[in-house]
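Undergrad: Handing you this structure, nothing more for now.
Just so you know, all these numbers are worked out from the coordinates, no wet-lab data involved. The model shown is predicted, which means the values in this text are computed figures rather than measured ones. Because the Cβ atoms are built from the backbone with ideal geometry, glycine has one as well, and the counts that use them run over all protein chains shown.
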Amino acid sequence: MKNLYRLDNINLNYHLNGHEIKVLKNINFEINTNERVAIMGESGSGKTSLLMLMSGLEKPTSGSIFFNQEDFSKISEKRKTEIRKKRIGLIFQQFYLIPNYTAIENVMFPMQINKINNEKKKATSLLSDIGLDHRKDNLPSELSGGEQQRVAIARAISFGPEIILADEPTGNLDTKNTKLVSDLLLKYSKKKKITLILVTHNMELAKKCDRILNIIDGRIKV
């Protein structure tokens, strides 16, 4: 398997009211292509911060993050934006759908940015796959939480990224939608051979992944 991510001696510190808070401490691990990895830990343990670092949206205090052998600490912000645009699908707990775009327009948006042809046909097919073809013309405000998260997933995979980074993708959902969204994420990452890294408190979901990384007090415990 090809190595997709490598984190070398990552430390992340914040300064608050004159005090230094050590969020992540000496983090080292690798992620391979077509691998599904769950990141677990208590609230405040640094899980979301780790995902932000891996997306290039946050900079480590020290250490290096390699994505396909490119060091995030040595490339420009423009290059990091380009990598996110073309190769990383991001899914957040809050959905972040564009409020004045319909479901299908939200799914089409990344494809339009990446100049992918037949975007409407592909978006329609994706929404059909997730059981939302009848909701394609609805605005996010007209969708339930579970429906919004499914649209967010369709948007994240629509342009064919190499990896999906998902931060608590089922955190705001009821039991029924948690299973539906979990199954959808795992199914698509396997079907399309997309690497999946997800932060979750859901042990049942985590056990369906290839590996679980536990963060305790800012450190990875194997």
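Undergrad: I need the P(r) histogram for the chain: all alpha carbon pairs, bin width 10 Å from 0 out to the longest distance, whole percents.
TA: For the chain, the pair-distance distribution reads 8, 33, 35, 19, 4, 0.
Undergrad: Further question on the same structure: Provide the per-residue ³J(HN,Hα) series for segment 160-170, in order, calculated from phi with Karplus coefficients 6.51, -1.76, 1.60 and θ = phi - 60°, each as a whole number of Hz, with x at glycine and proline positions.
TA: Values, residue by residue: x, x, 7, 8, 10, 10, 10, 9, 6, x, 10 Hz.
Undergrad: To one decimal place, what Kirkwood hydrodynamic radius in Å is obtained for segment 162-222 from all pairs of distinct Cα atoms?
TA: 12.3 Å
Undergrad: Could you derive backbone 3J(HN,Hα) for segment 14-20 from the dihedral phi with the Karplus parameters 6.51, -1.76 and 1.60 (θ = phi - 60°), listing whole Hz in sequence and x where the residue is Gly or Pro?
TA: Result, rounded to whole Hz: 10, 10, 9, 6, x, 10, 8.
Undergrad: Just how far, in whole angstrom, is segment 71-90 from segment 199-216 if you go by their alpha carbon centroids?
TA: Cα centroid of segment 199-216 versus Cα centroid of segment 71-90: 26 Å apart.
Undergrad: So which aspartates and glutamates pass the test for Lys2, namely a Cα distance under 18 Å, with those fewer than 8 places away in the same chain ruled out?
TA: Hits, sequence-local ones excluded: Glu30, Glu35, Glu70, Asp71, Glu162, Asp210.
Undergrad: Over segment 90-175, what is the mean sequence separation of C-alpha contacts under 8 Å (at least six apart), divided by residue count, expressed as relative contact order in percent?
TA: 48 percent
Undergrad: Going toward the positive end of the dipole of the chain, with +1 on Lys and Arg Cβ and -1 on Asp and Glu Cβ, which of Pro140, Gly41, Phe159 do you reach last?
TA: Ranked along the dipole, the leading option is Phe159.
Undergrad: May I have the pair-distance distribution P(r) for segment 1-131, computed from all Cα-Cα distances with 10 Å bins from 0 and rounded to whole percent?
TA: 10, 33, 32, 20, 5, 0
Undergrad: Met1 versus His15, label points 7 Å from Cα toward the beta carbon: distance in nm?
TA: About 4.0 nm separates the two model spin labels.
Undergrad: At a threshold of 8 angstrom on Cα-Cα distance, excluding pairs fewer than six apart, so keeping six or more, what relative contact order does the chain reach in percent?
TA: Over the chain, the number comes to 29 percent.
Undergrad: Report the full-extension gain for the segment Lys179 to Asp129: residue separation times 0.36 nm, less the Cα-Cα distance, to one decimal in nm.
TA: Taking Lys179 through Asp129 to full extension adds about 16.4 nm, to one decimal.
Undergrad: Let me ask something else about it. Students often get this wrong: which residues of segment 155-180 have the backbone nitrogen under 11 Å from the point 7 angstrom along Cα-to-C-beta of Asn114?
TA: 155-164
Undergrad: Moving to a separate point now. Relative contact order for segment 19-74: what percent, with Cα pairs under 8 Å and sequence separation of 6 or more?
TA: Relative contact order here is 21 percent.
Undergrad: A further question on this structure: Starting from segment 64-151, pick out the chymotrypsin sites (Phe, Trp or Tyr not before Pro) whose DSSP state is loop and whose Cβ has at most 15 other Cβ atoms within 10 Å.
TA: Tyr96
Undergrad: Please go through the residue pairs Lys47/Lys121; Lys85/Lys221; Lys59/Lys120; Lys85/Lys190 and name each one whose alpha carbons sit more than 28 Å apart in this structure.
TA: Correct reply: Lys47/Lys121; Lys85/Lys221; Lys59/Lys120.
Undergrad: Taking amide H atoms as placed 1.01 Å from N in the peptide plane, list the residues 5 or more away in sequence, or in a different chain, whose amide H sits under 5 Å from that of Ser62.
TA: Asn11
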